[in-house]
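For reference, the structure discussed in these notes is given below.
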Amino acid sequence: MHLPLSGFRVISAEQYGAGPYGTMFLAQMGAEVIKIEPPGKQGADGRRVGAGDTARAVGPHFLREGESTYFQSFNLNKRSLTLDLGSEQGQGILRKLAATCDVVANNMRGDLPARLGLDYASLKDVNPAIVCAHLSAYGRDNARAKWPGYDYLMQAEAGYCQMTGEPGGDPQRMGLSMVDFITGTIFCIGLLGALVDAQRSGKGRDVDTDLLSAAVHQTSYPALWYMNHGDETQRTPRSAHPTATPSQMFKAADGWMFVMCQLPKFWDILLERLGREDLRADPRFASNALRLQNRAVLTELLDAHFSQQPMAHWQELLAGFVPVAPVYELGAALDNPWLEEIGMRDRVAHPDNPDLQVLASPLKFDGKRPPNRAAPLLGADSDALLEQLGYGPEEIDSLRANGVI
C-alpha cells in the first residue's frame, strides 16, 4: 500500500498523549517517525531511572515491566531512539539526524525546545528546509511558557467543565482527554502545512500550537455567541443541544438513547415513524422555538413513548430516517459489531502479545485503512539509526556506557 507520507522522516521528542497522538497519524500515513526518549540515569542497582516516555509507565495494564498498554495507544508504527538531548554528544547526534529529516516535532514545555536545540533557529544551519513543530501547554512566547499543563486544566480554564453535566450539578470534565486529542490533531495539520511549503520553497520554519489555544478554539459558535451577543451558553438537561429540539437523550425500556432532530424535517419524520400525529397537531410543538420553550413537557411525552420498547426496536425503526444512537457503556461501544464491519478494530504483533488488539486509523487511502504495527520497545531502533549516521559498534557501545543513548 503506497501511503502519502512514505519517504518523509520525522524526529519527535515527545511524551505522554497530545504530541504522540498527532505524530502517530504521520506514522500511520507512512512517515518514518523517530521517537526520541530519554535514556535515564544509572541507578544504584544498575537499572536506568527515568528512562523512556513517561507513558510507558502508565498503568494499570502492562505487556511487561515498563511497557504499558497505554503506550500502545499513541505510538503505533514509530521507531524509538534513546538520546540525552541535554548532553553535548546527544546534541551532536540530534543535529546529524536532523540533517537527514524533514520535520522535528516536540510536545515539551514552552521554554525547553530552544534550550534543547529543537527549534528552527537551532537547526536551520544543518537543514534549511527543516520544519520544527511545537506543541506546549501555553505556548513558547508568553509569560506562561515555563508552566506545565495538562488536558484537564484546559477543560477547566476554557469553560468546558462549567458547560458539562446536568443543570445545577457540579462542574464536570469530559470523560476522555479530548483537548489532548484535538491539539495533537491541530499540531499535525500545522506541521503538514509547513511541510508542504518547505517542499516547495526549500525553507523550513517553526510552527506552534498549544493546549489552551486549541481548547479555546473548540468553543467555536458558543464563543461567537458570547463575544458578539453576550449570550453565554448554559448546561441543558439530558445533554440537549442548546437550540435544536428534540435533540437529546431519551429513556428506552432498557437504557438511554440519543435522538437528534437538528433539522425541521427530522421532527416531521420522527412523528411519522412513531405514529404520533397528535404531537404534530399540538400547538406547543408547532415550531422549533415553541418546542424549545416547552422542552420539559415534550421530554416527558417522548420518554413515555420510548420507554415502551428497548433501544434496538427504536434503532431499527428510526435508523436511516432520523439521527439516532444508543448510549453505550465503553465495553458495548467497542464490542459493537459495526466496528468490525468497517475495520476500526485491528490486531498487531508485539513481542509480548502476538495478537495485541488496537484501534485502526480513522483515515482511509484508496478505500483502505493504513496498516499498523506495534509501538516500539524502548530504544529498539537506537543501534540501527546510529549506524545509518555513521557510528560504529564501539562508538555506540561508548555512547550507551556514557548514558548518551
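The values are calculated or read from the model by the stated rules, or taken from the named source; none is laboratory data. Predicted model only: the values in this text are computed from it and were never measured. Every residue, glycine as well, gets a Cβ built from its backbone with ideal geometry; the counts of neighbours run over all protein chains shown. Side chains included, ligands, DNA and RNA excluded: accessible areas come from the protein's heavy atoms. Shrake-Rupley method; radii C 1.70, N 1.55, O 1.52, S 1.80 Å.
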Mind checking whether some residue in region 158-171 is at pLDDT 95 or above, polar (S, T, N, Q) and assigned to a loop (DSSP other than H, G, I, E, B)? yes
Matching residues in region 281-314 - criterion: being in contact with a Leu (Cβ under 7 Å, 6 or more places away or on another chain) and within 11 Å of Thr245 (Cα to Cα): Phe285, Arg291
Take region 35-61 and flag every residue that is more than 20 Å from Asn106 (Cβ to Cβ) and touching a helix residue (DSSP H, G or I) at 6+ places or on another chain (Cβ under 7 Å). His61
Hey, Ala129 hits all of (1) among the small types (Gly, Ala, Ser); (2) in contact with a Leu (Cβ under 8 Å, 6 or more places away or on another chain); (3) not in a helix (DSSP H, G or I) but one; which does it fall short on? (2)
Single unsatisfied condition, Thr82 versus (1) surrounded by 24 or more Cβ atoms within 10 Å (Cβ to Cβ); (2) within 28 Å of Arg345 (Cα to Cα): (2)
Scope region 235-266; condition β-branched (Val, Ile, Thr) and either out of contact with any Lys or Arg (no Cβ under 8 Å at 6 or more places or on another chain) or exposed (fewer than 15 other Cβ atoms within 10 Å of the Cβ) (or both); matching residues: Thr236, Thr243, Val259
Is it the case, given these coordinates, that Ala137 is of a type in the set (Gly, Ala, Ser), more than 18 Å from Phe74 (Cβ to Cβ) and in contact (Cβ under 8 Å) with a residue 12 or more places away in the chain? no
Can you tell which of Leu97, Leu63, Leu26 is in contact (Cβ under 8 Å) with a residue 12 or more places away in the chain, more than 30 Å from Asp197 (Cα to Cα) and not in a loop (DSSP other than H, G, I, E, B)? Leu63
Can you pull out the helices (runs of 4 or more DSSP H) entirely within region 178-242 that have at least 2 residues that are under 30 Å from Asp102 (Cβ atoms)? 178-201, 211-217
Cβ-Cβ distance below 8 Å, separation of 6 or more or different chains: which pairs start in region 304-328 with a residue that is modelled with pLDDT of 95 or more and end on one that is basic (Lys, Arg)? His305/Arg276; Phe306/Lys251; Ser307/Lys251; Leu317/Arg273; Leu318/Arg273; Phe321/Arg273; Val322/Arg273
Going through Gly190, Gly204 one at a time, which residue ends up being within 20 Å of the chain's Cα centre (by Cα), closer than 27 Å to Phe8 by Cβ and either open to solvent by 30 Å² or more (accessible area, probe 1.4 Å) or at pLDDT 95 or above (or both)? Gly190
Please enumerate the residues belonging to region 102-118 that are part of a loop (DSSP other than H, G, I, E, B) and either of a type in the set (A, V, I, L, M) or surrounded by fewer than 22 Cβ atoms within 10 Å (Cβ to Cβ) (or both). Met108, Arg109, Asp111, Leu116, Gly117, Leu118
Which residue is farthest from Glu37 (Cα to Cα), if the candidates are limited to region 351-383 and must be among the small types (Gly, Ala, Ser) and without any contact (Cβ under 8 Å) to a residue 24 or more places away in the chain? Gly367
Checking the condition among the hydrophobic types (A, V, I, L, M, F, W, C), outside any loop (DSSP other than H, G, I, E, B) and in contact (Cβ under 8 Å) with a residue 12 or more places away in the chain, which residue from Ile396, Ile405 passes? Ile396
